[in-house]
Amino acid sequence: MRVPKGAGIRRGTNSDLGGDAGYHAVQRVVKRPSQGGREVAEKAARLIRDTGRLHQAFLACNADAAEAARVVAPGILVCNMERQGGNAEYVARTITLKAQFIQLACPLTRD
């Protein structure tokens, strides 16, 4: 697989995160999820699952990538990055996606 420049998987030791254990931890999974797509999401989910970090890491990605990641790692946490349209639409899509995280670009208003 060819990963676009600036996107991809980076592994570091736990000491990079302030601990002193030498095992690998996921620090940054996908820098540009819109460029990574399903294949990068699957690889990232596999890495997160295989390192036992499902409870400590999440994917910030679109719905298509989230679907692919959940096939590989059903317990993967997701942040919906499809913020097109208004906040109310984004919130509704995030709920439909069953994403655990959301990033509001501006204050949420009642529509």
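The numbers here are math on the coordinates, done by the rules we state, and not lab data. The structure displayed is predicted, hence computed values, not measured ones. Backbone-built Cβ (ideal geometry, glycine too); neighbour counts: all protein chains shown.
Where does each of 59-66, 79-86 land if you order them by average Cβ count within 10 Å, highest first?
Highest to lowest by the protection proxy: 59-66, 79-86.
Using amide H atoms built 1.01 Å from N in the peptide plane, name the residues 5+ places from Leu77, or on other chains, whose amide H lies under 5 Å from its own.
Counting only residues 5 or more places away or on other chains, the set is Leu59.
Quick one: order Lys98, Lys43 by neighbouring beta-carbon count within 10 Å, fewest to most. Working shown, then result.
Working: Lys98 10, Lys43 20.
Lowest count first: Lys98, Lys43.
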